[in-house]
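Beneath this line is the structure, given in structure tokens, with notes to follow.
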Amino acid sequence: MKSEALKIGIFDSGLGGLTVVQSMMQHIKGAKLFYVADTKHAPYGEKTPEQILQFSLALTHYFIENHQIDALVIACNTATSAAIATLREKFPKLIIVGTEPAIKPAIKQSTTGHIGVLATPATLKGDKYQNLVDRLSTQKEVRLYEQACPGLVEHIENNTLQSPESLTLLERWLAPMREANVDTIVLGCTHYPLAKEVIKEVMQREVVLIDSGDAIAKRVLDLSRKEGFQNQGSASVKLLTTGPIDKQIVNYLVNEPIETIVL
Ligand code: DGL
């Protein structure tokens, strides 16, 4: 058993990863969490895989050099798709956990078999997503309604989800799912749990929304226990950002001050 606290670096392009931090704070005791919102480079979902890989490498170096992390959580579907394979290759000693759209639990719980998937354009274009779908969709008769949502991350970051522009976009994206009798929607971007209420309003019907936060926290817990870390005491979190961020939303999600770093 190790006596020191597990140190975990977590990153996303902005507010979204804080939904993962919330799950981690619930499940992982005694750990020191360091969260970076990389808003200087947001949104990731509309960047190239090469650019997203460069941001992910810079953040990982930052965590290792400044906070001596034991584990890295990529709290972002888009960055996981573009960077996890390279990060695992370059940092074999780190526990690395990524985020992928929660299609498996959605298939399990859907009764109509019609499942919506909302994600960033980069996530839906990536091979990782296609491989996941190929692997899982043979398990049960299901039909996936995939929708890229360019612009939704900015509405979440800018707190403009209820604006006419945002509502028009959501109506356009969700109407086909409503018509197709979708009963479950996978939130394939860690920002989207912050839009849960408005997605439900626009759907105008009972729909289960599934995110990946708890699954990620449980995976980190399992892997860290295997490495001998104890899950005891209270967890702490330090919040950092590379650019502007809505501090009110940050504090609503995780009530800690947020500091700007230069990367
Ligand atoms: N939150 C991220 C994700 O899970 C990416 C959002 C973005 O910057 O486009 O995909």
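What follows is calculated from the coordinates using simple rules that are stated; it is not laboratory data. Since we're looking at a predicted model, the values are computed, not measured. Here the Cβ positions follow ideal geometry from the backbone for every residue, glycine too, while neighbour counts run over all protein chains shown.
Compute the length gained on full extension between Leu57 and Asp214: take 0.36 nm times their separation in residues and subtract their Cα-Cα distance, giving the result in nm to one decimal.
Extra length available between Leu57 and Asp214 comes to 54.0 nm.
Order these by the 10 Å Cβ neighbour count, fewest first: Cys149, Cys76.
Starting with the residue having the fewest Cβ neighbours, the order is Cys149, Cys76.
For a test of the definition: using alpha carbon positions, the gyration tensor, and the 1.5 limit on a/c, classify the stretch 158-263 as rounded, prolate or oblate.
Oblate shape, in that a/c is at least 1.5 and b/c is the bigger or equal ratio.
Under 5 Å between amide hydrogens, which residues at least 5 positions from Val117 or on another chain qualify, with H placed 1.01 Å from N in the peptide plane?
Here Tyr145, Glu146, Gln147, Val186 satisfy the definition.
Trypsin sites (Lys or Arg not before Pro) within the stretch 1-78: which are DSSP loop residues with at most 14 other Cβ atoms inside 10 Å? Don't skip to the answer; put the middle values down first.
Working: sites: Lys2, Lys7, Lys29, Lys32, Lys40, Lys47; in loops: Lys2, Lys29, Lys47.
Answer in residue order: Lys2.
Label the stretch 113-207 by shape, choosing from rounded, prolate and oblate, from the square roots a ≥ b ≥ c of the eigenvalues of the Cα gyration tensor; if a/c is under 1.5 it is rounded, and otherwise prolate applies when a/b is larger than b/c, oblate when it is not.
oblate
Taking amide H positions as placed in the peptide plane 1.01 Å from N, state which residues far from Gln230 in sequence (5 or more) or on other chains have amide H under 5 Å from it.
Excluding prolines and chain starts, which carry no amide H, the hits are Lys2.
At 7 Å along Cα-to-Cβ for each site, give me the label-to-label distance between Gln248 and Ser163 in nm.
With each label point 7 Å from Cα toward Cβ, the separation is 1.5 nm.
Check Ala31: other-chain or 5+ apart residues with amide H under 5 Å from its amide H, H built from backbone geometry?
Ala235, Ser236
Treat the count of other C-beta atoms within 10 Å as a stand-in for reagent exposure and order Tyr44, Tyr145 from fewest to most.
Tyr145, Tyr44
Please turn the phi angles of the stretch 36-46 into ³J(HN,Hα) values with the Karplus equation 6.51 cos²θ - 1.76 cosθ + 1.60 (θ = phi - 60°), one per residue in order, whole Hz, x for glycine and proline.
Whole-Hz 3J(HN,Hα) from phi for the stretch 36-46: 10, 8, 8, 5, 4, 10, 6, x, 5, x, 10.
So what are the ³J(HN,Hα) numbers for the stretch 221-229, from phi and the Karplus equation (6.51, -1.76, 1.60; θ = phi - 60°), rounded to whole Hz, Gly and Pro as x?
4, 4, 5, 6, 5, 4, 7, x, 7
Determine ³J(HN,Hα), in whole Hz, for all residues of the stretch 122-129 in sequence, where each value follows from phi through the Karplus function 6.51 cos²θ - 1.76 cosθ + 1.60 and θ = phi - 60°; x replaces Gly and Pro.
5, 5, 5, 7, x, 4, 4, 5
Quick check: net charge around Phe91, other residues with Cβ under 15 Å of its Cβ, Lys/Arg +1 and Asp/Glu -1? Working shown, then result.
Values: positive: Lys7, Arg88, Lys90, Lys93; negative: Glu65, Asp70, Glu89, Glu227.
For residues surrounding Phe91, the net value is 0.
Quick check: net charge around Ser236, other residues with Cβ under 13 Å of its Cβ, Lys/Arg +1 and Asp/Glu -1?
Taking every Cβ under 13 Å from that of Ser236, the sum is +3.
Report the local net charge at Glu201: Lys and Arg +1, Asp and Glu -1, summed over other residues whose C-beta lies under 14 Å from its C-beta.
Values: positive: Arg178, Lys196, Lys200, Arg205; negative: Glu171, Glu197, Glu206.
So the surrounding residues net to +1.
In terms of the Cα gyration tensor, with a ≥ b ≥ c the square roots of its eigenvalues, is the stretch 52-151 rounded because a/c is under 1.5, prolate because a/b exceeds b/c, or oblate?
Taking the square roots of the gyration eigenvalues as a ≥ b ≥ c, the stretch 52-151 is prolate.
Could you tell me the calculated FRET efficiency between Asn231 and Gln22, based on Cβ-Cβ distance and R0 = 22 angstrom, to the nearest 0.05?
My answer for the efficiency is 0.80.
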